[in-house]
Each structure stands twice: as structure tokens, then as C-alpha cells.
Amino acid sequence: MNGAGKTLYRWTRDLHLYLGLFVSPFLVAFAVSVFFLNHAKVDTSAVSSIATVRDIAVPAGMERTQGREAVDLARKIVDQVGVTGEIGFVRYLGKERRLVIPVSRPGVETVVDVDVSKRTAVVSRRITSVMESIAYLHKSPGPHNAVLRGNWFWTRVWKWLTDGTVYLLLFSSVSGLYLWLTIRAERRVGLVLLGAGAMTFVAFLYGLAI
């Protein structure tokens, strides 16, 4: 290996190590939360506290708006009742003249139920466990209702972090292959493990297809 090759190897090795250490907590959180999502049973109907807030200023035209515009107007309501987090959706029940606004953040799930005629809001909070909070981050921001996602600042920050985690994981995978190829003594064992992983993956895909 010449001087340039040694420099490339050293830089790749150091970046693989230190960036891998940086991203490892995120990977552990995603991995652990998968077990929670698959096996945990959560009583979502359990409410930790209920409070009523009066004299709510309901933005004009709230009943007629949809999509991101409705979320932006709903933000003015949830701010009045002291709730912060990602707004999941805004549902208007015309016959009852009610607005239902679910708001989520790690640690707390809140439903703001607004009576438009009486200008009152019933705020129901459910405290979530640490594992449930991590599972929430695992699913957030998610591909569903993409137009609405990221309406809370910290959700947007988390999205950048999760995207960065994917890029760093890809880098770690590619750099790991490069480092393996440069160490001749490890090539045979690496080929066996790489082949075993590839065969397992293909067999799983085949099993899903039949």
C-alpha cells in the first residue's frame, strides 16, 4: 500500500470508528423500539389528566379549512391551552360543531377537543413511558399524511437527525467493506459471513413472494 493508500485507509478507518460511535445511540434506540412495537401492549384509552379551558379564540374559517392550513390554524388553538407537540390531524365534527386535535410529543399524548359554539376546550393528556416515547420517535415523522408532517419544530429537527442516521449508516457499511477488503487475512471469513447474510436475505424475500 503506497502513501496515498495508507492515508485513505487511515481516514476511512477513523471516520468509520468515530462516526459509527456517534450514530450508535440512534441505532440502538431504533433497534430496541422495534421489539416494543412488535410485542408491547399499550392502553391508549388511559388518561392521566383532563382540564377544561374557556374563552378560546377560534380562528375564523377554521371549520372550512383542510390540510396544512387547518393545522396552522389549529396551532393557534393548542398554543392557547398550553399544549406543544406535533399535530396529527384536525377533525371537524359539523353536527356538534367540535374540533378534535390530537397532539403528540415524546412523553405526552394530548387530545384537544374544542366546542366551537361555547369556545371551550377539553384537554386530555396521557403520559407515555420511556419505551413508548422511543417508539414514537421511531415512527416519527413517518410517510403518512406527508403534507401535515413536520408542523412542530422539534419534529423537523428529528427528521434531519434520522436522515443523517441513515446516511451515516450507509457510510459505515461502505467503509466497513473497504476496510475489510484491505485486510487480506480477514477476506475469507468476511466472504463467508457476507455470503451467509446475502443468502438469508434472498431466502427471506423468496419466502415472502411465494
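The values are calculated or read from the model by the stated rules, or taken from the named source; none is laboratory data. All values derive from a computational prediction rather than experimental measurement. Ideal geometry is used to build each Cβ from the backbone, glycine not excepted, and the neighbour counts take in all protein chains shown.
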- Item | Meets criteria (assigned by TED's automatic domain parsing to the domain that holds GLU109 and more than 26 Å from VAL147 (Cβ to Cβ)) for ARG68 | no
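Output the residue which, of all residues in the stretch 73-126 that are among the β-branched types (Val, Ile, Thr) and assigned to a helix (DSSP H, G or I), is farthest from the chain's Cα centre (by Cα).
Taking the stretch 73-126 and keeping what is among the β-branched types (Val, Ile, Thr), we get 77-78, 81, 83-84, 87, 90, 100-101, 103, 108, 110-112, 114, 116, 120, 122-123.
Among the residues that remain, those that are also assigned to a helix (DSSP H, G or I) are: 77-78.
Details: ILE77: 24, VAL78: 21 Å.
Restricting to residues being among the β-branched types (Val, Ile, Thr) and assigned to a helix (DSSP H, G or I), the top hit is ILE77.
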- Find all pairs meeting these conditions: Cβ atoms under 6 angstrom apart; at least six residues apart or on different chains; first residue within the stretch 122-151 and not assigned by TED's automatic domain parsing to the domain that holds VAL58 and modelled with pLDDT under 90; second residue of a type in the set (Gly, Ala, Ser) and assigned to a loop (DSSP other than H, G, I, E, B). PRO141/GLY150
- Item | In the stretch 159-191, the residues that are farther than 28 Å from PRO143 by Cα, surrounded by 10 or more Cβ atoms within 10 Å (Cβ to Cβ) and free of Cβ contacts under 8 Å to residues at least 24 places away in the same chain | LEU177, TRP180, LEU181, ILE183, GLU186, ARG187, VAL189, GLY190, LEU191
- Quick one: in the stretch 86-110, of everything that is hydrophobic (A, V, I, L, M, F, W, C) and surrounded by fewer than 19 Cβ atoms within 10 Å (Cβ to Cβ), which residue is nearest to TYR136 (Cα to Cα)? VAL108
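Can you pull out every residue in the stretch 122-157 that is touching a Phe, Trp or Tyr at 6+ places or on another chain (Cβ under 8 Å) and at positive phi? Give the steps one after another, and end with the answer.
Within the stretch 122-157, the first condition is being touching a Phe, Trp or Tyr at 6+ places or on another chain (Cβ under 8 Å), and the residues that meet it are 128, 131-132, 134-135, 137-138, 140-141, 145, 148.
Passing the criteria: only ASN145.
Only one of TYR18, TYR9 is more than 23 Å from the chain's Cα centre (by Cα), under 16 Å from PHE171 (Cα atoms), at pLDDT 90 or above and not basic (Lys, Arg); which?
Details: TYR9 fails: at pLDDT 90 or above.
Among TYR18, TYR9, only TYR18 is more than 23 Å from the chain's Cα centre (by Cα), under 16 Å from PHE171 (Cα atoms), at pLDDT 90 or above and not basic (Lys, Arg).
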